[in-house]
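Asks: Got a structure here, written out as structure tokens. Questions coming.
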Amino acid sequence: MPLHDVIDPQASSIDYLLLDVFTSSPFQGNPLAVFPEAGALSERTMQRIARELNLSETVFMTATAMPGVFELRIFTPHQELPFAGHPTIGAAWLLREIGWHDDQTPLVLRERAGEVPIRFDGEHAWLSTPNALSVTPSPLSRADAAALLGLSPETLVDEPVIGTTCGSPFHLIGLSCVDALAGAHATPALLSAPLKGEHGANVYLYVETGERHLRTRKLRITDQVVEDPATGSAAAPLAGYLAQRSSECGTLEYMIEQGIEMGRPSRIGVLVDKTDQQITAIHVGGTAVVIGEGRLRL
């Protein structure tokens, strides 16, 4: 039966688009739902829709404050986020794809974390993180992190740190080889109660596979383990942390591959501006592809 025969056009409904982000190929990257005209929805309804779709994040565009400035809100199935990388890149890319933005007018996305400037470079959309880089020691020791991940301490190349540019903090854990990355299996029972918190510990594992080329995995550990195929908000502090440790200055470019172990390969670009040994800005970039659209009856 055709879709238009199933949906009552008089019923209260709202349209959305489905994208894969940090990829140019369908069924790869990180899935995202975007509701371009969601200004009439309440916060409660947004949360219920995000729970119903059950994607890692869903974006609701709520207003256009002025030309080139769009307000949006980001929800997981369980909570609202002040900022997240793949929803921001996906929303920005979609605005240009549907003709709501051109390459000439500066684009700003207003999120709970603040205003996020966007620029386009060919098919790539680039965001600038709204907050500065913060790196602090992780409460996970090297031995604790190794046990948590089912690895030997020798496979960890350094003591874990916590990195953030905004939103959730990430335990950044460097590993010695791709085999260790692929073989990591977290045991939630070994994570201390304080680290589990309300939403668990976000662990970002990485291996340096070449000069400023990285392969990563992102795990969220609570009473279970959930893996994410592409995490821009983790890629930003990771690249910033590595740039901070580097003796080089200028604009350092990092390429991060994630999601390979999940069968959803993703490519995340990160540019780190560094002057006089100080990180002055971090930019995260990627592509996206629209793979579907739908109408949700409320």
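Taken together, the values in this text are just the output of simple stated rules run on the coordinates, not laboratory data. All figures in this text were calculated on a predicted structure; none of them were measured in a lab. With ideal geometry, Cβ positions are generated from the backbone for all residues, glycine too; neighbour counts draw on all protein chains shown.
Asks: Per Stokes-Einstein, at 37 °C and 0.692 mPa s, what whole-number D in µm² s⁻¹ belongs to segment 171-298, with the Kirkwood radius over Cα pairs as the hydrodynamic radius? Let's see the in-between values first.
Replies: Details: Rh = 16.1 Å.
For the chosen part, D equals 204 µm²/s.
Asks: What number comes out for the charge environment of Pro265, summing +1 per Lys or Arg and -1 per Asp or Glu over other residues with Cβ under 15 Å away?
Replies: So the environment of Pro265 carries a net charge of 0.
Asks: Need the C-alpha centroid separation for segment 18-66 versus segment 281-298, integer Å.
Replies: Going from one Cα centre to the other spans 7 Å.
Asks: With θ taken as phi - 60° and the coefficients 6.51, -1.76 and 1.60, list the Karplus ³J(HN,Hα) couplings across segment 49-66 in order, rounded to whole Hz; mark glycine and proline as x.
Replies: 5, 4, 5, 5, 6, 6, 8, 4, 8, 10, 10, 10, 8, 9, 6, 10, 5, 6
Asks: Okay, moving on. Once label points are set 7 Å from the Cα along Cα→Cβ at both Ala132 and Ala182, what is their separation, rounded to one decimal in nm?
Replies: Going from the Ala132 label point to the Ala182 one covers 4.1 nm.
Asks: Here's another thing I want to ask about it. Which of the GluC sites (Glu not before Pro) found in segment 213-298 are in a DSSP loop and have at most 11 neighbouring Cβ atoms, other than their own, within 10 Å?
Replies: For GluC sites (Glu not before Pro) across segment 213-298 that sit outside H, G, I, E and B with at most 11 neighbouring Cβ atoms in 10 Å, the list reads Glu248.
Asks: For segment 217-236 and segment 73-141, compute the distance between their C-alpha centroids and round to whole Å.
Replies: After rounding, the separation between the Cα centres reads 17 Å.
Asks: Separation between the Ile98 and Glu154 pseudo-spin-labels, each 7 Å from Cα along Cα→Cβ, expressed in nm?
Replies: 5.5 nm
Asks: What nm value, rounded to one decimal, do you get for the distance between Cys249 and Arg48 when each label is placed 7 Å out toward the C-beta?
Replies: 5.6 nm
Asks: Also, quick follow-up: Equivalent ellipsoid semi-axes for the chain, as square roots of 5 times the alpha carbon gyration tensor eigenvalues: give them largest first, rounded to whole Å.
Replies: Details: eigenvalues 215, 103, 56 Å².
Those come to 33, 23, 17 Å.
Asks: If you don't mind, another one. Once the piece of chain linking Leu190 and Glu123 is laid out straight, how much longer is it, given 0.36 nm per residue of separation minus the C-alpha distance between them? Numbers along the way, then the final one.
Replies: On the way: separation 67, 0.36 × 67 = 24.12 nm, distance 4.28 nm.
Gain on stretching Leu190 to Glu123: 19.8 nm.
Asks: Net charge near Asp228, counting Lys/Arg +1 and Asp/Glu -1 over other residues with Cβ under 10 Å of its Cβ?
Replies: Local charge sum for Asp228: +2.
Asks: What value, in deg cm²/dmol to 500, does the helix sum -39500 (n - 2.57) over DSSP H runs of n ≥ 4 give at 222 nm once divided by the residues of the chain?
Replies: So the calculated ellipticity at 222 nm is -5500 deg cm²/dmol.
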